[in-house]
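Visitor: Here's a structure for you.
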Amino acid sequence: MTKTGNSKEGDIEAGHDLAHELSTNDAILHPKRLDALNCSDVPVLTYHRYSLIRDHQTCRGRNGGMLVVPLVALLVWDVFWELLFLYAPNEGLRDTVSSWGPLINPLLVPISFLMVFRLTRAAIRFWDSRAAMGKIIQTCRDTISTASVALASPRRLTNKAGRMGNVVSNKSYSIHDELLDKYARWLCAFTIMVKNFLRPEKRKGWDDDELFNNRRKEIGPLLSDSEAQRALTANHCVLVVLDRLREIAHDICFVAPLGDGGMHQMGQAALYKQLNTHIDSLSGAFGAMERIRGTPLPFVYVSHLRTFLLLYLLLFNMHGMASFGWTALFALFAANWALLAIEAASVECERPFGWSPNHLPMGKFCWVIGENIAQTIDEVKQQSGVDS
């Protein structure tokens, strides 16, 4: 999402630039930032594992908006044909249509195969999206742990030896702390930018300014106003963060002195490779979700399925009304709902990045990653005798 203009910059500057005033952990766990992340999600619906009754009592989360029009149209279709059977001059019309059963029923076989494949692919895409997000969470934990331990190692060694300042100067320690703080802040920003990129640019009930300002609140004091503006208004916001992470990873390994007693040059190269592998993994997991969002099933498959599904339902409802009359209305309505809801469920699950009770709670994932990063930094610094 690309947005420019002085009005947006003014909105960003309204009390958010605390990046240089708060510690990294305070910035990550800032209450207003966490509240904004919480508001970015729609509450996710979960089913009761052991109850077959409770979940039937709600229509929420069933993608009903996609079902209303075809269900009403089929109901009108049923009433039309029953009235036609009752008042048509041709008294044999009902018997003629009721004899079509052997011709209509075979259509259900190919439609069933098409719908099973459709729903299966949608479920796989949903799970692949969740697995990719899980990979991002895991990699964030790995990379912040690796960077934290590496940067804290010289100080920890000197503390254990009781020779504070003999291995690495206090100035070098401050460089280590600064780079670790930058890496942690941009790592938290990465997951937020992934969420922003994958989700639609419009949200029902929110105008563009409200959506943009809420995304700025999600970043909060993690980044300065200029850094946040740059990331939020970039054509590809995730690439901005990935480039920044690689730059900081290079500085961690080759700019910050790790001390004569800290790490050999070969160790620095190995650390650089490790951090870049982590960043590659983040990029790959995001790429998997980007492909899922941008590549639905081919048009020819879905259009063929929907065409013959509707054709089958029209013929099936004609035959049902001809065979059973008004008493068939409820059974036909239930059958229509059952078949149409499979397609509706597939549509709901194939790209699970929006604001639906069935979609991934990506704001919650950002929250979890932030808490994990803050905990790692706090524990490593405590082990090294540094206040976080």
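Visitor: At 1.4 Å probe radius, can you tell me the per residue accessible area of the chain in Å²? It would help to have the intermediate numbers written out before the result.
Guide: Details: 19830 Å² over 388 residues.
For the chain, the solvent-accessible area averages 51 Å² per residue.
Visitor: Charges at C-beta only: +1 for Lys and Arg, -1 for Asp and Glu. How large is the resulting dipole of the range 55-107 about its Cα centre, in Debye rounded to 20?
Guide: Values: 3 positive and 5 negative charges, 56 e Å.
So the magnitude is around 260 debye.
Visitor: Here's another thing I want to ask about it. As an exercise, use a Förster radius of 41 Å and the Cβ-Cβ distance of SER98 and ARG306 to find the FRET efficiency, rounded to the nearest 0.05. Don't skip to the end; give the middle numbers.
Guide: Values: r = 27 Å, r/R0 = 0.65.
Result of the calculation: an efficiency of 0.95.
Visitor: Give me the aspartates and glutamates in straight-line cross-link reach of LYS195: C-alpha distance below 12 Å, same-chain residues under 8 apart excluded.
Guide: Excluding near neighbours in sequence, the set is ASP41, GLU218, GLU290.
Visitor: If R₀ is 56 angstrom, what is the calculated FRET efficiency for the pair ILE124 and TYR87, using the beta carbon separation as r and rounding to 0.05?
Guide: Working: r = 50 Å, r/R0 = 0.90.
Plugging the Cβ-Cβ distance into 1/(1 + (r/R0)^6) gives 0.65.
Visitor: Please report the net charge: other residues with Cβ closer than 14 Å to the Cβ of HIS319, K and R +1, D and E -1. Don't skip to the answer; put the middle values down first.
Guide: Values: positive: ARG94; negative: ASP78, GLU82, ASP95.
Charge balance near HIS319 sits at -2.
Visitor: May I pose another question? May I ask you to derive the FRET efficiency for ALA270 and GLN138 from their Cβ-Cβ distance with R0 = 30 Å, giving the value to the nearest 0.05? Walk me through the intermediate numbers first.
Guide: Numbers: r = 21 Å, r/R0 = 0.68.
The value I calculate is 0.90.
Visitor: Using just the helices of the chain, give the 222 nm mean residue ellipticity in deg cm²/dmol: DSSP H runs with n ≥ 4 each add -39,500 (n - 2.57), and the total is spread over all residues, rounded to 500. Mind showing how you got there, number by number?
Guide: On the way: 15 runs with 269 residues, N = 388.
Using -39500 (n - 2.57) per qualifying helix, the result is -23500 deg cm²/dmol.
Visitor: Accessible area of the chain with a 1.4 Å probe: how many percent of it is carbon plus sulfur? Can you show the working numbers first?
Guide: Working: 11770 of 19830 Å².
Of the solvent-accessible surface of the chain, carbon and sulfur hold 59 percent.
Visitor: Using mean Cβ contacts within 10 Å as the protection proxy, how do 208-219, 334-345, 72-83 order, highest first?
Guide: Details: 208-219: 19.2, 334-345: 17.2, 72-83: 15.5.
Per-residue Cβ counts within 10 Å, averaged per peptide and sorted highest first, yield 208-219, 334-345, 72-83.
Visitor: For the chain, give the magnitude of the charge dipole about the Cα centre (Cβ charges: +1 Lys/Arg, -1 Asp/Glu; no others), in debye to the nearest 20.
Guide: On the way: 40 positive and 39 negative charges, 159 e Å.
For the chain, the charge dipole is close to 760 debye.
Visitor: Additional query: May I ask which of LYS182/LYS202; LYS135/LYS364; LYS217/LYS273; LYS182/LYS381 have a Cα-Cα span longer than 22 Å here?
Guide: Values: LYS182/LYS202 31 Å; LYS135/LYS364 15 Å; LYS217/LYS273 34 Å; LYS182/LYS381 15 Å.
Cα-Cα > 22 Å for LYS182/LYS202; LYS217/LYS273; rest within.
Visitor: Compute the helix-to-body angle for 329-350: its Cα long axis versus the longest principal axis of the chain, expressed 0 to 90° and rounded to tens.
Guide: So the helix axis and the longest Cα principal axis differ by about 20 degrees.
Visitor: Evaluated at 37 °C with a viscosity of 0.692 mPa s, what Stokes-Einstein diffusion coefficient in µm²/s does the chain have when Rh comes from the Kirkwood expression over alpha-carbon pairs?
Guide: Values: Rh = 24.8 Å.
Approximately 132 µm²/s, per Stokes-Einstein.
Visitor: Let me ask something else about it. Of LEU93, ILE124, PRO43, whose Cα points farthest to the positive end of the dipole of the chain (charges on the beta-carbon: +1 Lys, Arg; -1 Asp, Glu; origin at the Cα centre)?
Guide: ILE124
The values are calculated or read from the model by the stated rules, or taken from the named source; none is laboratory data. What you are looking at is a predicted structure, and each value in this text was computed from that prediction instead of being measured. Every residue, glycine among them, receives a Cβ derived from its backbone with ideal geometry; neighbour counts consider all protein chains shown. Areas reflect the complete protein model, heavy atoms only, side chains present, ligands, DNA and RNA absent. Shrake-Rupley method; radii C 1.70, N 1.55, O 1.52, S 1.80 Å.
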